[in-house]
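A short write-up of the structure that comes next.
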Amino acid sequence: MKTVLITGANRGVGLALARHYAGEGWQVIGVCRQGSDELTEVAARVIEGIDVTRDDEVGRLVEALDDTPLDLLINNAGLLQDEQLGQIDFDSIRQQMEINAYAPLRVTEALLANLSTGSKVANITSRMGSIADNDSGGRYGYRASKAALNAFGKSLAVDLKPRGIAVIQLHPGYVKTRMVNFGGLITPDQAAEGLAQRIAELDLDHSGAFWHSNGDTLPW
């Protein structure tokens, strides 16, 4: 049985991914700050009380997993906030950098011993992290943090390729979640299906790419 670990798995896209992989017969390990009944129903194991921005709590995650091998790590936990030019809240930007960029790198590095040849790492990013695609401005913290995540992911792909571990940056689409006040275009289940398909297609030849869940290659 294959094992997937998903951060931010208690709701939204993370929960939909947990449901998808459980339905495919995977052992799902859901990681979150606060659990949910919906996650408990589908996950083989829930590790809650984990703030992925804190070294000590990520350390607790490592201890809880012990030597559990992971076929797939999905760095999904994220935060979207808005900043307006002239009223920029730099604490907001720092918080988004911690959650959206530093945390996926922190978690991936911490769990290197649980990954092996054939394992995959999927970073749930956003096309808003694309510099070439930015034609509307704003969202300073979110855009910058996702651009940083894309850069981290690309470096991870290069560094992990000799170990036989593939890494991908995935944009889920505009999803109807709490993050966007449920104003998206697709449901979390639809996003999860597309994301899982892209992950299944991922191999070392495509490691480091930046893909939309619909299969399109996105510009950096």
(request) With only alpha-carbon atoms counted, please give the Rg and Dmax of the chain, in Å. (result) 16.1, 53
(message) Looking at the chain as a GNM with Cα springs under 10 Å, which of Q96, Q84, Q169 has the largest mean-square fluctuation?
(response) Q84
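Tell me, E24, E48, E63 in order of fewest to most beta-carbon neighbours within 10 Å?
Neighbour counts put them in this order, fewest first: E63, E24, E48.
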(request) Take the alpha carbon atoms of the range 194-220, find their center, do the same for the range 1-62, and report the distance between the two centers in whole angstrom. (result) 22
(request) Straight distance only, please: which aspartates and glutamates reach the Cα of K120 with their own Cα at less than 12 Å, same-chain residues fewer than 8 apart left out? (result) D71, E201, D203
(request) With both partners inside the chain, how many of the DSSP beta bridges are antiparallel, as a percent to the nearest 5? (result) 5
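Which of M1, M128 has the fewest other C-beta atoms within 10 Å, and how do the rest follow up to the most? Numbers along the way, then the final one.
Details: M1 7, M128 18.
By the 10 Å Cβ count, ascending, the order reads M1, M128.
Per the Kirkwood definition applied to all pairs of different Cα atoms, how many angstroms is the hydrodynamic radius of the range 101-220?
Working: mean 1/r = 0.0680 Å⁻¹.
Hydrodynamic radius (Kirkwood, Cα pairs) of the range 101-220 is 14.7 Å.
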(request) Return the calculated 222 nm mean residue ellipticity for the chain, to the nearest 500 deg cm²/dmol, obtained by summing -39500 (n - 2.57) across DSSP H runs with n ≥ 4 and dividing by the residue count. (result) -11000 deg cm²/dmol
(message) Angle check, please: helix 55-65 long axis (alpha carbons) against the longest principal axis of the chain (alpha carbons), in degrees 0 to 90, nearest 10.
(response) 30
(message) Which one, N114, N76, N123, has the greatest fluctuation when you compute a Gaussian network model over the chain with C-alpha springs under 10 angstrom?
(response) N114
(message) I need S36, S155 ordered by Cβ neighbour count within 10 Å, fewest first.
(response) S155, S36
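All of the numbers you see were taken from the coordinates with simple rules; none came from a lab. Because the structure is a prediction, the values reported are computed rather than measured. Methodologically, a virtual Cβ is constructed for each residue, glycine included, from the backbone with ideal geometry; neighbour enumeration extends over all protein chains shown.
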